[in-house]
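Structure first, then comments.
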Amino acid sequence: MPVLQGHNIGHQFENGDWLFKSLSFSLNHRRVGLVGRNGAGKSLLASIMTGELVPSTGTISKPTTFDVYRQHAKEAIPNGLTIGEFLGKSTLLEAIEAVEKGDCTPQLFEIIGDDWGARAQLNQQLINMGLPPEPKQACSSLSGGQLARLQLWKLFQSDVELLILDEPSNHLDEQGKVWLIDSMKTFNGAILLISHDRQLLREVGEIWELSNLGLRSFGGNIDAYLEQNKAEQQAVERRLAEVAKQKKHLEKQAQLNREKAEQRAAKGNKMRRDGSQPKILLDAMKNKATAKVSNRLKSEQLRMGHLNDQSQSLKERQKQLARQTLHMQGELSKSRRVVNLVNAELPFTNSQPFNLAIGANEKVRLKGRNGSGKSTLLKVLLGELSLIAGELSVNTPLFYLDQHFGLIHPEWTMLENLTRQCDGLLESDARTLLAGIGFRRDSVFHHGKVLSGGEKMKLSMLIVSHQKDQPLLLLDEPDNHLDMESKGVLAEALRSYQGGFILVSHDSDFAQESGIIRELSLT
């Protein structure tokens, strides 16, 4: 019996447009990954699966017990809640504390039962999770990574039949992702994983792809899915070439048939003028030829219509499979030293003094656990924060891009954001660049405030990479809100970029594909 089923699911916006329709699925595998481009509707589909949203069409059959992890962890935890309250442990801990202070009310002993070591056990678990060992600490004081771990930990402790995890690794460092994968492996229920993280998606046994063509299922993990997509893309291209060849042949044959018909008609007219054949015979021959031509034209039109339908369908799939391009300019500069730190001590961290030297065209990945100071270091380089001790010199233009897309002006259009922030960039060139990331014609007039996270990030990268003075790029998790295809596009663009960058990312696959030449770790 499938854990989760959907039949003919559709979602229609108030303006009448459909986000998706006629989706049917059956979750039979214990670990399934849901993938798709940004804006395809994955999170909305998850809300329909859980009953939070009612589908415009179709029906859902969901398990009796299930739970959901949302990608915005802070929004999922009510304000004012402590760690102990969120975990449902506060009553037990308060009872233990009251008894230890001398309160012998019988109800307290009933609450505690045999759990006298609950406080020490919870404190140790919090330490193991990289969380403050203080259940009375407010959840609002935790970092994004800590909140994500806390919420996920609570979910994995439950015994629900199904967990839907929506981008669970977005705020986790590498150690956090290792913990998440281990937790997924040991969880007894089924998991539907919505993610662009290949490291996580390698742990599933089936991939669901949501696109404008519907919901398609692929056996195997993400690597198998990508191989199947590659093979399908090649097959689609071959089939398109075959259809184009058939259309060309049909057009050529139709032209030959028209020429023959014209020759026969000319011959008949000549015979009619000469009077060499009886008129009744010529009329019969003409009627027969006309009927034959009419039938042939209908046949040709049907065949051409069928080929055009095939071509359109194949082109739609080719468009879905095709990779976008993100052109990043920049000329190779000499490998001069542009950043130098000596005996540097960062603020707000417990990191030890360190030395760091970076060349103009070096591509460096900055690693470290959540809270180790990676983002702090980038802000020190920008001059927004100061070192506690040590020396810093920066001899190059810098361009900073955080994961919150602060670079994009919400009231400007995409075209305005690009042309106003890139000196000397012509509108025609800007349109070409925007077309490269999937925005053509009137879509370039979409305002920044209506763009998705992935769209904002891609636009930001265009702005960053088309500055007049080639800067050293400071990239603070630029891949955090990108879909899988966009991650690949960005990685390829960064790899071909002739300048240097410092990249903060927890995605090892993405970092390697971006062309990094060395890694630096903050401890």
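The values are calculated or read from the model by the stated rules, or taken from the named source; none is laboratory data. From a predicted model like this one, the values you see are computed outputs, not experimental measurements. Quick reminder, even Gly has a Cβ in these numbers, built from the backbone with ideal geometry, and neighbours come from all protein chains shown. Remember, those area values only see protein heavy atoms, side chains included, never the ligands or the DNA or RNA. Shrake-Rupley method; radii C 1.70, N 1.55, O 1.52, S 1.80 Å.
General remarks:
- Within region 120-144, residues that are closer than 24 Å to Ala95 by Cβ sit with their Cβ atoms under 6 Å from residues that are exposed (fewer than 15 other Cβ atoms within 10 Å of the Cβ), at 6+ positions apart or across chains, in these pairs: Pro133/Ile127; Cys139/Leu81.
- Criterion: surrounded by fewer than 18 Cβ atoms within 10 Å (Cβ to Cβ) and not hydroxyl-bearing (Ser, Thr, Tyr) - qualifying residue of Glu167, Glu174: Glu174
- In region 428-445, residue surrounded by the fewest Cβ atoms within 10 Å (Cβ to Cβ) [restricted to those that are in a helix (DSSP H, G or I), aliphatic (A, V, I, L, M) and out of contact with any Ser or Thr (no Cβ under 7 Å at 6 or more places or on another chain)]: Ala435
- Being of a type in the set (A, V, I, L, M, F, W, C) and either in a strand (DSSP E or B) or surrounded by fewer than 20 Cβ atoms within 10 Å (Cβ to Cβ) (or both) is a condition met by no residue of region 490-500.
- The number of residues in region 27-58 being part of a strand (DSSP E or B) and either exposed (fewer than 15 other Cβ atoms within 10 Å of the Cβ) or under 20 Å from the mean Cα position of the chain (by Cα) (or both) comes to 6.
- Looking at region 344-405, the strands (runs of 3 or more DSSP E) lying wholly inside it that each contain 2 or more residues that are of a type in the set (D, E, K, R) sit at 363-367.
- For Gly453, the conditions (1) out of contact with any Ser or Thr (no Cβ under 7 Å at 6 or more places or on another chain); (2) modelled with pLDDT of 85 or more are fulfilled apart from (2).
- Among the residues making up region 86-120, those that are open to solvent by 50 Å² or more (accessible area, probe 1.4 Å) and under 26 Å from Met184 (Cβ atoms) are Gly88, Lys89.
- Where Glu316 falls short, out of the listed (1) at pLDDT 65 or above; (2) charged (D, E, K, R); (3) closer than 30 Å to Leu210 by Cα; (4) open to solvent by 80 Å² or more (accessible area, probe 1.4 Å): (4)
- Here the helices (runs of 4 or more DSSP H) wholly within region 100-204 that include at least 1 residues being hydrophobic (A, V, I, L, M, F, W, C) and under 30 Å from Ala511 (Cβ atoms) are 118-128, 144-157, 174-186, 198-201.
- Residue selected from region 59-71 under the condition closer than 30 Å to Gly438 by Cβ and in a loop (DSSP other than H, G, I, E, B), by the criterion most open to solvent (accessible area, probe 1.4 Å): Arg70
- So Leu425, is it buried (at least 20 other Cβ atoms within 10 Å of the Cβ) and modelled with pLDDT of 85 or more: no
- Residue check for Gly189: within 18 Å of Gly36 (Cβ to Cβ), more than 17 Å from the chain's Cα centre (by Cα) and of a type in the set (Gly, Ala, Ser): no
- Residues located in region 501-523, provided they are within 23 Å of Leu34 (Cα to Cα), open to solvent by 10 Å² or more (accessible area, probe 1.4 Å) and of a type in the set (Ser, Thr, Tyr): Ser508
- Pairs with Cβ under 7 Å, 6+ apart, first in region 374-399 and under 15 Å from Leu473 (Cβ atoms), second of a type in the set (D, E, K, R) and surrounded by 16 or more Cβ atoms within 10 Å (Cβ to Cβ): Ser375/Asp476; Leu378/Asp476
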